[in-house]
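What follows is calculated from the coordinates using simple rules that are stated; it is not laboratory data. These figures come from a predicted structure and were not determined experimentally. No Cβ is skipped: glycine too gets one built from the backbone with ideal geometry, and neighbour counts run over all protein chains shown.
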Amino acid sequence: MGSQVVVGANLGLTGTVAEAAGGTTSFPDARTARPRQSRRAVSIWGQVMLNLTATAWMLIDVVVLSGSICLGYRLFVSPEAMPYPHVELWQACLIFSVCLVVSSLVFGLYERETLLGHSRIMTRILLTSATAVVLTYAAVYVVMYTALSRRVTGLAIGSYLLLGTSIRTLTWWAVQRVKRGLLVVGPGLLIDAFAKASAEGSLPHYRLAGFVDDSDHGGGRVSNIPRLGRTSEIPAICRHQSITDIVVGSDAARDPKVMNWLLPCLRIGCRVTNEATFYEKATGQILVDQITPHWFLFADLKVHCDEVATLKRAVDLLVSVIGLVVTLPFWPLIALAIKLDDRGPVFYSQDRVGQNGLVFRLYKLRTMKVGAEDGASVWATTNDPRVTRVGHVLRRLRLDELPQLYNVLRGQMSIVGPRPERPDIVEDLVCKIPFYSERHLVKPGITGWAQIGFRYGSSVEDARRKLQFDLYYLKHMSFELDVIILFRTLGTFLRGAC
């Protein structure tokens, strides 16, 4: 403990000496104090709301919903004028509140992680609201044989969506507004990965303060990230640098001395995780270079879960049928535009690798010039010169993928999953990227986690990065994640159309 106090004292004196060396003493004025106070207020709000218990969130939701129902009864329900039995006010509040709380628990709306993602908030609150309405009407009409005003229900659920979403979104904004201090414990090779992720914007909510390492070689910085000291100085560094999150490398985690210095950090409010866990949660990716065959064996993958597979197939059939029926009137117009552009064929097909490595024929609307590849597989680029004028529009609006709904109907593809690649490209990537073939454990999809999280890939390194997203989807595959991906894909489509 003595060395810890000395280090803290030295770190504290450093700033004082630096100020004295400048010859002047600076005092905060009102202009700089106000932004600091506002940032502190935002941070406090975010942390208070983030740490609310599930019971507190239930109470907030019930108050919002019950208040809206009471207002709806005052505005729309007149018991004397109702020609049929109508549920009492207290019964409506009780039934609706119970159904909402149950739905929230089912979809994880009260989990702490919900508040850390805007897409997660929107998806879960929409699923919760829809389920609560269905359960409420089932209870009122089927069980009680009475009625509930649709205008009351509309006002109640509309108010809940507005206020409930606003409160959670404001909390998410406050949490993201103030960056969390991040300290990496490990050698320079580890900090390289985090420095690259930070530079690419994959860690937008963290301030990479530096790293600590006990090795005596190497300079004071790695990838422009400063070395803050040795592992014995970790508690003092956390206090001085306002560290909130500590990431421990696999090599450092095997050192008992490092573990002893990390334990006091828990008492000062730091969150300690290993590199793979932190990277997965913070970036939505799996570090390919840090996993082994054990990861696939013990990650509790949902690929072969009958319940998940059945639900996913049912959703695929429903979405593909609706998609084909809704878009069918536009197909003649698209075909005419392709024909008028260069008089080539409307459709284009390719061999692609599907689930378990089986090759299938994938169909698309043609967007490239006839004979663009001349039999050889070539990486497509963002501004590919082989793309036709109509093809540019189709690709921007993602309309070229419409015929793949037929592949989904046949069971060769899913709506959501890793994008399928050509056999010769897959053969090359399997030799260059570890565990690349494991992405074929799940059906390929029209859209996927990598498509909404990474740019258009055109190299082996891009394929490696996309694999990190695909492995994350493989591990966390669920109905909720599919809904999130579909909403974000819809957002991409709408932005492309504007």
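Could the peptides 129-135, 412-418, 96-102 be put in order, highest first, of the mean number of other beta-carbon atoms found within 10 Å of their residues?
On the way: 129-135: 18.0, 412-418: 25.6, 96-102: 21.1.
In decreasing order of mean packing, 129-135, 412-418, 96-102 become 412-418, 96-102, 129-135.
Taking amide H as placed 1.01 Å from N in the peptide plane, the amide H of residue 222 sits under 5 Å from that of 227, each at least 5 places away or on another chain. Taking every DSSP beta bridge that has both ends in the stretch 183-263, the antiparallel portion is near 20%. Here the stretch 306-497 carries DSSP beta bridges of which approximately 80% are antiparallel, counting only pairs with both residues inside. The residue 397 and residue 349 beta-carbon pair, evaluated with R₀ = 25 Å, returns a calculated FRET efficiency of approximately 0.75.
Ordered by packing density, taken as the mean number of other Cβ atoms within 10 Å over each peptide's residues, highest first, how do 423-429, 404-410 rank?
On the way: 423-429: 15.7, 404-410: 18.9.
Peptide ranking by packing, descending: 404-410, 423-429.
3J(HN,Hα) couplings calculated from phi for the stretch 424-437 with the Karplus curve 6.51 cos²θ - 1.76 cosθ + 1.60 (θ = phi - 60°) are, in sequence order, 5, 5, 4, 4, 6, 5, 4, 6, 9, 10, x, 6, 5, 5 Hz; Gly and Pro show x. Taking amide H as placed 1.01 Å from N in the peptide plane, the amide H of residue 180 sits under 5 Å from that of 206, 207, each at least 5 places away or on another chain.
Stokes-Einstein diffusion for the stretch 153-278, with the hydrodynamic radius set to the Kirkwood value over Cα pairs and evaluated at 20 °C in a medium of 1.002 mPa s, equals 134 µm²/s.
Listed here are the pairs 339/443; 312/432; 312/475; which of them are more than 21 Å apart at the Cα? Listed pairs above 21 Å: 339/443; 312/432. In whole Å, how far is the Cα centre of the stretch 123-142 from that of the stretch 160-197? Between the Cα centres of the stretch 123-142 and the stretch 160-197 lies a distance of 32 Å.
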